[in-house]
């Protein structure tokens, strides 16, 4: 299913309010996942966690024909998970998950390093102050070059790209964000480089997309293909992936 393509799966969390389905989702999670869920204070946060992590298991199970409950996960030193079968054998997939507000999104690849991030575009947030501490000089110039109505969207475009890139590289958010500089206008493509360096990071493909007027996602892929890999988007309800 992943031949020459990347799959992005999107779940609208607000469409799932059936307590029975939440119980189903809980039943396929591991004891560790359930403990992490129960540590969340707010009920909505717990529901979002259940839906997002059930989504991961439900989607991945359709690629490898293993029951969602039987999938196992192990994380590297920076917390990026890898999926394994019940016998402890790593499966030939890479994936990444993000959820914010009403959306959970995940990317699935054929062993291509990937990162994804989704954020709500909050125009009331003091994003200029945040940008001053986390954006490169070039990014700040671009952010301040657009009108006030466009600034929030531009800020979250950069922010989600940085998050997706760091997740794809399996780095921590403590990395110097202001040294990672994106160019949204490089030959009609998005490129990344170290600020104040002429060397662009090679072998990267980026994608941004509005899910609606309030949410934006960004995808980062590292691969050796000279051409962009096709990106396909699917909407899903966990445990009803192809229904």
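Considering 94, 149, 132, which residue is over 20 Å from the mean Cα position of the chain (by Cα) and within 30 Å of residue 14 (Cα to Cα)?
Details: 94 fails: over 20 Å from the mean Cα position of the chain (by Cα); 132 fails: within 30 Å of residue 14 (Cα to Cα).
Every option except 149 fails the conditions.
How about the stretch 35-56: which of its residues are under 26 Å from residue 235 (Cβ atoms), assigned to a helix (DSSP H, G or I) and free of Cβ contacts under 8 Å to residues at least 12 places away in the same chain?
At the first step, the residues of the stretch 35-56 found to be under 26 Å from residue 235 (Cβ atoms) are 36-37, 40, 42-56.
Then keep just the ones that are assigned to a helix (DSSP H, G or I); that gives 36-37, 43-56.
Correct list: 43, 44, 45, 46.
Taking residue 78 and the conditions (1) under 27 Å from residue 212 (Cα atoms); (2) touching a residue at least 40 places away in the same chain (Cβ under 8 Å), which numbered condition does it fall short on, given that it satisfies the others?
For residue 78, the exception is condition (1).
Tell me the strands (runs of 3 or more DSSP E) entirely within the stretch 75-125 that contain at least 2 residues that are buried (at least 19 other Cβ atoms within 10 Å of the Cβ). Steps first, please.
Working: elements: 81-84, 94-100, 103-109, 113-120.
Result: 94-100, 103-109, 113-120.
How many residues are touching a helix residue (DSSP H, G or I) at 6+ places or on another chain (Cβ under 9 Å) and closer than 13 Å to residue 239 by Cα when one looks only at the stretch 11-22?
Within the stretch 11-22, residues that are touching a helix residue (DSSP H, G or I) at 6+ places or on another chain (Cβ under 9 Å) and closer than 13 Å to residue 239 by Cα number 4.
Just one of the numbered conditions (1) surrounded by fewer than 18 Cβ atoms within 10 Å (Cβ to Cβ); (2) in contact (Cβ under 8 Å) with a residue 24 or more places away in the chain is not true of residue 141; which one?
For residue 141, the failing item is (2).
Here, each number is a calculation from the coordinates, and none is a lab measurement. The structure displayed is predicted, hence computed values, not measured ones. Cβ atoms come from the backbone with ideal geometry, glycine included; neighbour counts cover every protein chain shown.
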